[in-house]
1. Starting from the alpha-carbon convex hull of segment 68-167, give the projected area averaged over all orientations, in nm².
2. Averaging over every viewing direction, what projected area does the convex hull of the Cα atoms of segment 100-213 cover, in nm²?
3. Could you work out the relative contact order of segment 36-200? I mean the mean sequence separation of Cα pairs under 8 Å and 6+ apart, divided by the number of residues, in percent.
4. Between segment 187-211 and segment 28-63, how many Å separate their Cα centres?
5. May I ask which of 118/171; 58/140; 37/118; 37/133 have a Cα-Cα span longer than 22 Å here?
6. What angle, in degrees between 0 and 90 and rounded to the nearest 10, separates the Cα long axis of helix 184-200 from the longest principal axis of the Cα atoms of the chain?
7. Using the scaling law 2.2 N^0.38 Å as the reference, what is the normalised Cα Rg of the chain?
8. Measure nothing fancy, just the Cα-based angle from helix 48-59's long axis to the longest principal axis of the chain, in degrees from 0 to 90, nearest 10.
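What follows draws every value from the coordinates through simple rules; no lab data is involved. Keep in mind the model is a prediction, meaning the values are calculated, not measured.
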Amino acid sequence: MSEYVFGYLLYLNRDIEAYNTFQVNKQWAALPGRSLKGQVIGIMGMGNIGEHIAKHAKLFGMRVIALSRSSRSALADQHYAMPQISEFIRQCDVIVNVLPETPDTIGLCDRDFFMGMKRTGVFINVGRGSIIKDELVLDKILTSGHLSAAVIDVCQQEPLPSSHPFWTNNKVFLTNHTAAVSDIDDVYSVFWANLKHYVDKTPMSGQIDFAKGY
């Protein structure tokens with residue numbers, strides 16, 4: 001998922017689409033672009049995926065802040081709890097959601113959430129579609145000029161209906177729940193490690209805590 005996140009951040013910040021257009025039109029032109037260095041990336045959910053994104057963000061020189069119920073990662077420059085979400089939002093140039101779906105996260109990203117972001121902000125959702133309270137509200141906010149872009153890999157309804165405005169909004173970058181690439185070697189590695197834990201009667205990795213909901 002980290003590759004997906006930074007693929008889009010580089011695409012947006014380095015004007016890659018514009019340069020492709022320049023090439024088609026045989027136009028030798030330059031744009032200022034924007035470096036990721038110094039930008040603030042806010043990661044909602046600091047589990048394994050969130051930490052992986054944070055690790056790569058640090059390589060680009062980004063400042064990492066985290067919104068999490070309990071996890072505290074050494075990779076984050078600052079941590080925010082859920083009651084501090086408004087302060088968290090205001091700091092971010094980019095917000096990446098990797099939170100699971102729980103009763104506490106459903107509808108968390110509402111109109112106030114998006115309007116609290118910087119006008120130049122980018123929202124990336126690779127967690128669950130249910131975190132967005134109303135996709136039509138997000139579409140209208142993007143169309144109004146508040147928010148630079150939204151990268152959406154997960155939606156409330158999948159497949160996304162052909163009538164949905166996300167399809168035609170040029171500020172929405174839409175993919176079909178494919179942000180994560182399941183490499184077969186990684187799958188085997190996790191399987192065999194957990195099989196050994198099972199045989200040895202030791203705790204397996206990736207267990208679900210039903211009390212937490214993930």
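1. Numbers: hull surface 25.6 nm².
Seen from a random direction, the Cα hull of segment 68-167 projects 6.4 nm² on average.
2. Details: hull surface 36.7 nm².
The number I arrive at for segment 100-213 is 9.2 nm².
3. Working: 286 pairs, mean separation 26.5, N = 165.
Answer for segment 36-200 is 16 percent.
4. Cα centroid to Cα centroid, the span is 32 Å.
5. Working: 118/171 15 Å; 58/140 33 Å; 37/118 17 Å; 37/133 31 Å.
As for pairs spanning more than 22 Å Cα to Cα, those are 58/140; 37/133.
6. Long axis of 184-200 versus the principal axis of the chain: about 20 degrees.
7. Working: Rg = 18.6 Å, N = 214, 2.2 N^0.38 = 16.9 Å.
Computed over Cα atoms of the chain, the ratio equals 1.10.
8. Tilt of helix 48-59: around 50 degrees.
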